[in-house]
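Just below is one structure, and these are the notes that go with it.
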Amino acid sequence: MSLGKVMVAACALVMATTQGVAAEPSAAEAQKSADNIKAHVTFLADDLLEGREAGSRGYDIAAAYAASQMAQLGLKPGGDQGTYFQHVPLVAFQAADQGTFVLRDKAGKVVPLVFGEDYLVGRNPVAAQTKVSAPLVFVGFGVVAPEHKRNDYAGLDVKGKIVVAISGAPSAYQTEERAYYSSGRTKRALAQARGAVGFIQVNTPGDEKLYPFANAARQWKTWGMSWRTGAGAAFAVAPGVPSLASISVKGAEKLFAGAPADLTRIAEMAGSKAQDPPRFLLPLTLEASFATNIKPVESQNVVGVIEGADPVLKDQVVVLSAHLDHLGITEPVNGDAINNGALDNAAGSATTLEVARMFMASGQAPKRTILFLLDTGEEKGLVGAEYFARNPTVPLASIVADVDLDMPILTYDFTDVIAFGAERSSIGPAVRRAAGAMNLALSPDPMPEEGLFTRSDHHRFVEVGVPAVFFMTGFANGGEKEFRTFLAERYHKPNDDLAQPINWLVGAKFARLNYEVTRELTDMAERPAWNKGDFFGTKYGAK
């Protein structure tokens, strides 16, 4: 589509009021938007791209496609050396073998562990060989939260020991703070600060329902990634505390045999607001040894820019981010090994391109500059977004907000949305105005146990002090069934493909929401800012 043809749609998006609320799009404009999103997703989720794994040929094709679309729309290059690409140097790491895990009780008797049933070996991005032999200490959630007067390490000496923790964080915590404390990065950093030498996560029965251990076992040979530092090493938050293994519910029965509490009791207490799981020295030692394949990989983020028109505000930048990558090729499911990632996240990438088109077609330049970021390696741990946030192609101090688009479930007509992070900053009022203009309700996080706030790219911007919002289509109007069905049956599986019943007009609606919010943020008088005393604004230092 040429830029001239794109501009024909301008009349449908001209702003209707001085408050910046766009007019209701015509049926023709909504259909045009739906068709654009369908076209992008159809290409990005095709088998030709082989699941778009970061660093692969398929991802490179996706990146070239995205850059060509940005150029066609008239976005300016925002990457390296006048291009649409920001080079992202990566380190890929993969479990080289099943490892040797020998549990011994106090008498020295071996407690057998079965690979793939009881445990899955970890991966260490900073060492080709990992050997640890140490006693085990169970630290409950492994949370240290001074503002809640909580320290799961109180009374425990973990120096020189292997920390064992269950997933999650106390359910009484505010959902986004709970997500922060549930993060494995947070937990391993806390363990390293206290002298631990290894980390093991134990899956609970709740985890098993959401993410069956068998599915993780299917993907255990996939490559993890981190970005390379200037010294050429993999960036790691806690390099001294490698993730040694994840333990299944079945394996936990062996791990907690003879302990003060078994996994069933621990999980019950963990899910209660009135009780906490106990913490104790396990009557076991672990001898862990495994190898990690490590190799350098090159990839790229795709970056396009619409320059702001206001002579003062144009130096401030609003980022729209979405991840372009997916899982690539894994062990087959029902004969299909290509993880197409149609909704996760070809749909989010397509929406980002469509929002860019809507701005170009509106006939009204934004006051602030907009940077459209389609990044690599999200499925590897939000890697591309982290690289950009720590090595931005614009001054970090100029970035005032991030709007993230990840895995919209477009199989039903959503009537509410969850705006993660919005109420932590002045983004909140902008979101309320935009959602209200579309008659969309704002709902609280319906799945706080998932820790979604730390699991998408916006969180890497939060970690460098930038206010952010991430939208999830809500649970009203049949949304809960659709969302939970997607998680159970298609999430991170090959059947997240074009065969599922995607409603492209719903995709157009999601694009319009993100356009409205971004328009609010680009044109509002005051710079977006954290609310005074906010948890994340205080923890990471407001920019």
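Judged by the ratio a/c of the largest to the smallest principal axis of the C-alpha gyration tensor, the range 93-294 counts as rounded, that ratio being less than 1.5. When you count the other C-beta atoms within 10 angstrom of each residue and take the mean per peptide, 400-406, 451-457, 87-93 line up highest first as 400-406, 451-457, 87-93. The string of couplings for the range 206-217 from the Karplus curve (6.51, -1.76, 1.60, θ = phi - 60°) is x, 4, 4, 5, 6, 9, x, 4, 4, 5, 5, 5 Hz, one whole number per residue in order, with x for Gly and Pro. For R150, the residues whose modelled amide H falls within less than 5 Å of its own, excluding neighbours fewer than 5 places apart on the same chain, are A145. Based on DSSP H segments of at least four residues, each scored -39500 (n - 2.57), the chain has a per-residue ellipticity at 222 nm of -8500 deg cm²/dmol. Of all lysines in the structure, the ones whose alpha carbon falls short of 21 Å from that of K509, not counting any fewer than 8 places away in one chain, are K32, K38, K481. Coupling constants for the range 422-430 follow from the phi torsions by the Karplus curve (6.51 cos²θ - 1.76 cosθ + 1.60, θ = phi - 60°), and in residue order they are 4, 6, 8, 8, 6, 5, x, x, 5 Hz; glycine and proline get x.
Taking Cα atoms only, the orientation of helix 347-361 departs from the longest principal axis of the chain by about 20 degrees. Note on the chain: Kirkwood radius taken over Cα pairs, Stokes-Einstein applied at 4 °C and 1.567 mPa s, translational D equal to 54 µm² s⁻¹. A Förster radius of 45 Å, combined with the Cβ-Cβ distance separating N391 from T42, puts the computed FRET efficiency at roughly 0.85. Here the peptides 52-64, 423-435 are ranked by packing, the mean other Cβ count within 10 Å, and the order with the highest first is 52-64, 423-435. Sorting the segments 342-355, 135-148, 26-39 by their residues' average number of neighbouring beta-carbon atoms within 10 angstrom, most packed first, yields 342-355, 135-148, 26-39.
Just check the range 364-420 against the gyration tensor rule for me: Cα atoms, a ≥ b ≥ c as the square roots of the eigenvalues, rounded for a/c under 1.5, and otherwise prolate or oblate depending on whether a/b exceeds b/c. Oblate, since a/c reaches 1.5 and b/c is not below a/b. Specify whether the C-alpha gyration tensor of the range 278-432 places it in the rounded, prolate or oblate class, a ≥ b ≥ c being the square roots of the eigenvalues: rounded for a/c under 1.5, otherwise prolate if a/b is larger than b/c and oblate if not. Here the range 278-432 falls in the prolate category. Compared with the dominant Cα axis of the chain, that is its longest principal axis, helix 27-44 is turned about 40°.
Since every read-out is calculated from the coordinates, none of them should be taken as a lab result. Keep in mind the model is a prediction, meaning the values are calculated, not measured. For neighbour counting, all protein chains shown are included, and Cβ atoms are generated from backbone atoms with ideal geometry for every residue, glycine included.
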